[in-house]
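One structure below.
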Amino acid sequence: MTRDFSHGRHAGLLVPLFSIPSRESWGIGEIPDLVRFGRWAAVAGFGFAQLLPLNEMAEGQNSPYSALSAMAIDPIFIAPAHVQEIETLGGELVLDPGEHELLRRARESRIIEYQAVRVLKHRVFRLAFERFVSEEWLRRTARAQQLDAFVEREQWWLHDYTLFRALHAREEGRHWLQWSAPLRAREPAALEHERGELYREVLYYAYLQWLADEQWTAVRDQCEVGLFGDFPFMVSGDSADVWSRQEDFCLDASVGTPPDAFSQTGQDWGFPAYRWTHVAQKGFEWLAARARRSAELYDGYRVDHLVGFFRTYVRKKDGPAAFVPPDEPSQIAQGERLLNLFRAAGAHVIVEDLGLIPDFVRDSLARLAVPGYKVLRWERDWHDVGQPFRDPLHYPSCSVATSGTHDTETLAEWWDGAPETERAAALAIPCLRETRCDPAAPFLAETRDAILDLLFASGSDLLLLPIQDVFGWRDRINTPALVDDRNWTWRLPWPVEDLMMEREAKERGAFTHALATKHERIG
């Protein structure tokens, strides 16, 4: 079921899928858990859930922005309990005692144990596939024909992806640039030979994507709230997309940001840069395909690092760094063409326009009526005396009001870490001034609820709140530039189905429902 968020006022919750496991999940939030989450979110007055990317992550990676494919759903999100072959095999009974213990620990852990989850799911999915081949595929049953139909429908991306995954596994995860020359160059004879040699493995990766698609389709039909996805700006160099479309990327350059007040050297993200001239000559066909894929999966999606689609800061390995395209008219033309292309796919588009954004990008958003972000703590008149906060009641309707993103500290952390002058400036916003919150006090429930009320009242048609800020929790999803075992591992303190029963979750849900009603954000 598709929902329209292009009109009216709506409230949404930012929550990663991995963060909402249920009791039946295998240590991580799984696709069917969105139905359980959606029940509580709808009762709490929210109309949609904003997810992080679901793209398949590379082995050993926790970040959803480091993906092997821009199209494939990570099999880590497939629910074994909802796979017919696993159910036939006895469900969790297929696990040996050591695996049962590993599953128990993954379920009871306070964070997502990615390696344990991957090991367990790899084992049961292999068993499920073997049964599928023997009982369905070789007998050409109706279920086998359903997989055939899926492969035919999705072959535009699945054909290259499944071969890449089979080769990547055989090469023990080595970057495709380290493969043999014929495979690196994608010589047709070499590809066809390997497709024959790896036929069963290619089929296995198609089977996993089919399972994910079945479960996702069921969730779209059952979920009581809309689902928004995330459209990452770049893709990993070691991905099916870059391997299969090498002419679209500069493999001798990477993207990042220029030096600024926050970094004397700027940032180098390590992702290959788009060859924008070549991509444009082909009508931005791959980006259009990504937009169509996103529109098929979601009611809307967030375009990550929007400014990069207007101008990309490209760092040549043996040359100077520069923006591409180089001049403002070309940047405006490219950015607006891409925005129109993204919207043409049919889903509601919002854009991440945070950081150092040229005025012409914001002008384009206003001209095209595309909602950008209004993060409360950063919406200030920075050049005025005292740098007063802008009143959210005056945010433009075509915008997304929010308390933070998956990359920022939580509302509670920000408040407690802010100097008293900054807190006082926030409390000078008319609606907060009336609450009598104390700028000298730490983050209290009264402060949390006053800020939530202010954001629900904002002029923005869309409100998006990280779930941590609804509760006043301090747990971060991600700390940028920090690589450790804690980033991207946060999970709810209870199984997701308990949101409907836990006293705190019921109280928070009743509170936000009242705010949604008061400020006409229901539906």
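The values are calculated or read from the model by the stated rules, or taken from the named source; none is laboratory data. All figures in this text were calculated on a predicted structure; none of them were measured in a lab. Cβ sites come from the backbone with ideal geometry, for glycine too, and all protein chains shown count toward neighbours.
Within region 16-29, the set of residues being surrounded by 22 or more Cβ atoms within 10 Å (Cβ to Cβ) and either touching a strand residue (DSSP E or B) at 6+ places or on another chain (Cβ under 6 Å) or without any contact (Cβ under 8 Å) to a residue 60 or more places away in the chain (or both) comprises 19 only. Would you confirm whether or not region 391-412 contains a residue that is within 23 Å of residue 457 (Cβ to Cβ), part of a loop (DSSP other than H, G, I, E, B) and charged (D, E, K, R)? Yes.
Table: residues versus (1) out of contact with any helix residue (DSSP H, G or I) (no Cβ under 9 Å at 6 or more places or on another chain); (2) of a type in the set (Phe, Trp, Tyr); (3) closer than 26 Å to residue 406 by Cβ; (4) surrounded by fewer than 21 Cβ atoms within 10 Å (Cβ to Cβ).
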site	(1), (2), (3), (4)
278	no, no, no, yes
294	no, no, yes, no
303	no, no, yes, no
319	yes, no, no, yes
332	no, no, no, yes
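Counting the residues of region 169-212 that are of a type in the set (Phe, Trp, Tyr) and surrounded by fewer than 15 Cβ atoms within 10 Å (Cβ to Cβ) gives 1.
None of 377, 433 is closer than 21 Å to residue 351 by Cα and either surrounded by fewer than 15 Cβ atoms within 10 Å (Cβ to Cβ) or charged (D, E, K, R) (or both) except 377. Is it fair to say residue 128 is on the phi < 0 side of the Ramachandran plot and touching a Gly at 6+ places or on another chain (Cβ under 7 Å)? Criteria not met by residue 128. Of the conditions (1) over 17 Å from the mean Cα position of the chain (by Cα); (2) at pLDDT 95 or above, residue 5 fails just one. Which one is it? Against the list (1) over 17 Å from the mean Cα position of the chain (by Cα); (2) at pLDDT 95 or above, residue 5 comes up short only on (2). In contact with a helix residue (DSSP H, G or I) (Cβ under 6 Å, 6 or more places away or on another chain), at pLDDT 95 or above and over 21 Å from residue 223 (Cα atoms), is that true of residue 28? Answer is no for this residue. Counting only helices (runs of 4 or more DSSP H) wholly contained in region 71-143, no element carries 2 or more residues that are touching a Pro at 6+ places or on another chain (Cβ under 9 Å) and polar (S, T, N, Q).
Would you confirm whether or not region 67-87 contains a residue that is out of contact with any Asp or Glu (no Cβ under 7 Å at 6 or more places or on another chain) and of a type in the set (Gly, Ala, Ser)? No; the residues of region 67-87 include none that is out of contact with any Asp or Glu (no Cβ under 7 Å at 6 or more places or on another chain) and of a type in the set (Gly, Ala, Ser). No other residue among 117, 94 is surrounded by 16 or more Cβ atoms within 10 Å (Cβ to Cβ), modelled with pLDDT of 95 or more and either of a type outside the set (Ser, Thr, Tyr) or within 25 Å of residue 62 (Cα to Cα) (or both) apart from 117.
Taken across region 475-498, residues that are under 23 Å from residue 398 (Cα atoms) and either surrounded by 21 or more Cβ atoms within 10 Å (Cβ to Cβ) or at pLDDT 95 or above (or both) do not occur at all.
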